[in-house]
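Since every read-out is calculated from the coordinates, none of them should be taken as a lab result. What you are looking at is a predicted structure, and each value in this text was computed from that prediction instead of being measured. Here the Cβ positions follow ideal geometry from the backbone for every residue, glycine too, while neighbour counts run over all protein chains shown.
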Amino acid sequence: MSNLIAKIPLVDWLIEPFQYGFLVQAIWVSAFVGLVCAVLSCYITLKGWSLMGDAVSHAVVPGVVVAYALNIPFAIGAFVFGFGATVAIGYIKSKTRLKEDAVIGVVFTGFFAFGLVLITKIPSNIDLFHILFGNVLGISQQDIIQTLIAGTITLLVILIRRKDLLLFCFDPNHAKAIGLNTQFMYYTLLSVLALTIVTALQTAGIILVIAMLVTPGSTAYLLTDRFDHMLGISIATSVFSCVGGTYLSYHFDVSTGGAIVVLLTVLFMVAMVFAPKYGILAQNSHQQLVPVENQAEANKIVD
Amino acid sequence: MPTAIQTLDISVNNLSVTYSNAKLALYNANCTIEPGSITALVGPNGSGKSTLFKSIMGFLKPSQGQIRIAGLPVQKAQKKQLMAYVPQSDEVDWNFPVSVFDVVMMGRYGYMNLLRIPGSKDRRLVMESLERVGMIDFRTHQIGELSGGQKKRAFLARALAQEGKVILLDEPFTGVDVKTEKRIIDLLIQLRDEGHTILVSTHDLASISTFCDRTILLNQTILAAGKTEETFTEENLAMTFGGLPVNSLRQMFHNSEVEARYE
Ligand SMILES: Nc1ncnc2c1ncn2[C@@H]1O[C@H](COP(=O)(O)OP(=O)(O)O)[C@@H](O)[C@H]1O
Ligand SMILES: [Mg+2]
């Protein structure tokens, strides 16, 4: 029987990669990363913090280099700089008359550029290409542990504070009106954002991590009006894309982060076109209904 | 519901608010909102009504002045769940994936433990509040699916569920049909009779004398404040609305009423 299966070339081709421990491990890691990103993605898209996510992801670069130089875990350095950038953004925004997007643009490119300078000056064997584009197929055991810790903390914080965070995204004024500490919620959400980016760094790389934070939530948002469903859809599309992308990237020898994000984007486009209520097709048919009704009315009058 | 609750006043002392773009929105505002009464806040668009609301609620940091709720600083009053706020419609993200029930339940968060798991009392109060505004049948609807009047009632239900003794409503009659306006007014009168202190901003000048005990006229600063019969005069209105003849103003507001959305 097993002989028979092995003889079918397609099946052979499909299961062959699973003989390799490193690939199975990479699939597990990226599935976990997909889960963490998908959960946070729902909050970030609803809050409108996509640009903030992009900023944090770029701002972690100097942190990674400094962590390497000091010989401490990369996750710590990345978190400190990612979170530090958001504090800097908040501070500059409150002290100047600049609009938020300008402040974010200035701060994150500044951090990123500083990171580039450090990378080229501090002798290390950090591969810039791996930081930028991720390297989950070659991930070390130590990095896996750091990814798991950062991701687990993120999931726990969101699990415990999920209702408050949702209220904070929806109506921060009401949160204040009932005596909740919105400043604390703001920094809680920012720190889990920084932690999630640390989690996803090895898988997607800093250039594409923003897609993992924005696309699953956006896809889900097009498909439902209920937050719990949104969370479920976001997780499903994200984990599917991470597993599928990692697997396909091995087979076709393409960038893992790239393959994951391409899958995410394809799913997004399908939702965008075919979503039952908010898809382009559904929206168009709503619009067409109006003139048709009017025509019927007009005919009646003529009759 | 308790019948004899304590009544709370709001005092606004020498309040000035400047936005970060250096725009002075409120200037030396002084007033007292009497406890257990309904006070109307009237002024043209951009006169600072929402700014005054947000200052009283502590959403904005005034550049000068002081606000006390029954003698307490705003934050203390909020921790005690004394203050409920019904926002202006354009401040709400109507596409947010929450249901009417979820929104009203948010009024109870301040009473719950850290995980915000509702108890039977929370659920009962949410249902009672929905019942009171006539929104029980819509409780599972996403908030964007509601008409203008239903949206207002949903947020009013949240204020009821919160059991705040002070209720601030920012333009609750804008985009609402006459029937719903009447219904909200009746509810406000009931709440006043239960001892709530209510401050409501409105453009519907015609209905003010039917339910507001007191009126505050505002344009950048407080121009007049007191009993409605005494404050709501032609001269005061003319001063507030800057020279426009009051009759044409009334006309204007009635026209905008007609445009209100069908429910
Ligand atoms: N967030 C803000 N930033 C800058 N200016 C603002 C802001 N909010 C309101 N303003 C300005 O302050 C003034 C008062 O606004 P507001 O309190 O909303 O008036 P109203 O509610 O009476 O229409 C207006 O001129 C408005 O343009
Ligand atoms: Mg306003």
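Per-residue ellipticity at 222 nm for chain B, helices alone: DSSP H runs ≥ 4 residues times -39500 (n - 2.57), over residue total, nearest 500 deg cm²/dmol? -10500 deg cm²/dmol, from helical runs alone. The Rg/Rh ratio for chain A, using Cα coordinates for both the radius of gyration and the Kirkwood hydrodynamic radius, is 1.07. What do you get for the angle between helix B:246-259 and the principal long axis of chain B? Use alpha-carbon atoms, 0 to 90 degrees, nearest ten. With rounding to tens, the tilt is 30 degrees. For chain B, the longest principal axis of the Cα atoms and the long axis of helix B:148-162 meet at an angle of about 70 degrees. The DSSP beta bridges internal to the protein assembly as shown are antiparallel in roughly 55% of cases.
Multiplying each eigenvalue of the alpha-carbon gyration tensor of the protein assembly as shown by 5 and taking the square root yields semi-axes of 51, 29, 22 Å, largest first, rounded to whole angstroms. Placing one equal scatterer on every Cα of the range B:48-100 and applying the Debye formula, the log10 ratio I(q)/I(0) at q = 0.20, 0.21, 0.24, 0.26 Å⁻¹ is -0.81, -0.86, -0.99, -1.07. Spin-label pair residue A:160-residue A:278: with each label point 7 Å from Cα along the Cα-Cβ axis, the two points sit 3.1 nm from one another. Each 10 Å bin, from zero up to the one with the longest distance, holds this percent of the alpha carbon pairs of chain B: 7, 30, 37, 22, 4, 0. Over all other residues within a Cβ to Cβ distance under 15 Å of residue B:216, the charged ones net out to -4, with Lys and Arg as +1 and Asp and Glu as -1.
Are there trypsin sites (Lys or Arg not before Pro) in the range A:68-120 that DSSP puts in a loop and that have at most 13 other Cβ atoms within 10 Å, and which ones? Don't jump to the answer; show the numbers that get you there.
Values: sites: A:93, A:95, A:97, A:99; in loops: A:97, A:99.
Passing both the DSSP loop test and the Cβ count: A:97, A:99.
Couplings 3J(HN,Hα) for the range A:49-63, derived from phi with the Karplus relation 6.51 cos²θ - 1.76 cosθ + 1.60 (θ = phi - 60°), are 9, 4, 5, 4, x, 4, 4, 4, 4, 6, 6, 6, 4, x, x Hz, where x marks Gly and Pro.
Relative to the Cα centre, the charge distribution of chain A, modelled as +1 at Lys and Arg Cβ and -1 at Asp and Glu Cβ, gives a dipole magnitude of about 780 debye.
Where q = 0.22, 0.23 Å⁻¹, what log10 of I(q)/I(0) comes from the Debye formula for the range B:12-109, counting one point per Cα? Log-scaled intensity ratios, in q order: -1.29, -1.34. Scanning chain B for chymotrypsin sites (Phe, Trp or Tyr not before Pro) that sit in a DSSP loop and have at most 14 other Cβ atoms within 10 Å, the longest stretch containing none of them is B:95-261.
To the nearest 0.05, how large is the calculated FRET efficiency for residue A:24 and residue A:229 if R₀ is 41 Å and r is the Cβ-Cβ distance?
Values: r = 31 Å, r/R0 = 0.75.
The pair residue A:24/residue A:229 has a calculated efficiency of 0.85.
Think of the protein assembly as shown as having a plus end and a minus end, set by charges on the Cβ of Lys, Arg, Asp and Glu; of B:209, B:138, B:197, B:197 sits farthest toward the positive end of this dipole. At most 15 other C-beta atoms within 10 Å and a DSSP loop state: those are the exposed chymotrypsin sites (Phe, Trp or Tyr not before Pro) I care about. Give me the longest piece of chain A that has none. Maximal segment without exposed cleavage sites: A:21-277.
Between beta-carbons, use under 15 Å as the cut-off and find the net charge around residue A:38, counting Lys and Arg +1, Asp and Glu -1. Every neighbour counted, the sum reads 0. Output the 0 to 90 degree angle, nearest 10, between the alpha-carbon long axis of helix B:178-193 and the longest principal axis computed from the alpha carbons of chain B. Value to nearest ten degrees: 80. Residue by residue along A:163-174, Cβ atoms of other protein chains within 10 Å of the local Cβ number 6 on average.
Of the peptides B:77-84, A:205-212, B:187-194, the ranking by mean beta-carbon count within 10 Å, highest at the top, reads A:205-212, B:77-84, B:187-194.
With the simple spin-label model, which puts each label point 7 Å out from Cα in the Cβ direction, the residue A:117 to residue A:8 separation comes to 6.0 nm. Electrostatic bookkeeping for residue A:161 treats Lys and Arg as +1 and Asp and Glu as -1; over the other residues with beta carbon under 14 Å from its beta carbon, the sum is +3.
For the range A:208-257, averaging the sequence separation of C-alpha pairs within contact (under 8 Å, six or more residues apart) and dividing by the residue count gives a relative contact order of 28 percent.
Just checking the output field for A:177-186: average partner chain Cβ neighbours within 10 Å of each residue's Cβ? Please list the in-between numbers first.
On the way: counts 19, 15, 13, 5, 1, 1, 0, 0, 0, 0.
Partner-chain Cβ atoms within 10 Å, mean over residues of A:177-186: 5.
Estimated from helical segments only, the mean residue ellipticity of chain A at 222 nm is -28500 deg cm²/dmol, where each DSSP H run of four or more residues counts as -39500 (n - 2.57).
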